[in-house]
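Have a look at the structure below, then the notes.
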Amino acid sequence: MLKNRLKELRARHDFTQIELAKRVGVTRQTIGFIEKGEFSPSVTLSLKLARALNCDINELFWLEGEEEQ
């Protein structure tokens, strides 16, 4: 299962779910589902999120059971 720290990094940038969604071209609901781990984003969306949050994709996402980086 894919794990993430999207909510934490979004908060660091003081973005609402709506603001981040607009930056990456998805709905607010999509951001919420990703944050809850109910949806695994595509590679393209993952890269857009990492770019919008100014972080490395490995800081944002990792596989469950692997050490967080």
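Taken together, the values in this text are just the output of simple stated rules run on the coordinates, not laboratory data. What you are looking at is a predicted structure, and each value in this text was computed from that prediction instead of being measured. FYI the Cβ positions are ideal-geometry reconstructions off the backbone, even for glycines, and counts take in every protein chain you see.
What is the one condition in (1) over 10 Å from the mean Cα position of the chain (by Cα); (2) within 16 Å of L2 (Cβ to Cβ) that L47 does not satisfy? Going through (1) over 10 Å from the mean Cα position of the chain (by Cα); (2) within 16 Å of L2 (Cβ to Cβ) one by one, L47 breaks only (1).
Under the condition of being in contact with a Phe, Trp or Tyr (Cβ under 6 Å, 6 or more places away or on another chain) and part of a helix (DSSP H, G or I), the residues counted in region 1-31 number 0.
Residues of region 32-58 that are crowded, with 16+ Cβ neighbours inside 10 Å and not in a loop (DSSP other than H, G, I, E, B): I34, E35, L45, S46, K48, L49, A50, A52. Just so you know, in region 6-22 the residues that are surrounded by fewer than 17 Cβ atoms within 10 Å (Cβ to Cβ) and closer than 14 Å to L60 by Cβ include one that is nearest to the chain's Cα centre (by Cα), and it is K7.
For region 59-68, what are the residues that are assigned to a strand (DSSP E or B) and surrounded by 12 or more Cβ atoms within 10 Å (Cβ to Cβ)? Spell out how you get there, then give the answer.
The initial filter retains those residues of region 59-68 that are assigned to a strand (DSSP E or B), namely 61-63.
F61, W62 - these are the residues of region 59-68 that are assigned to a strand (DSSP E or B) and surrounded by 12 or more Cβ atoms within 10 Å (Cβ to Cβ).
If the condition is being within 15 Å of L2 (Cα to Cα) and among the aliphatic types (A, V, I, L, M), then region 18-38 contributes I31, I34.
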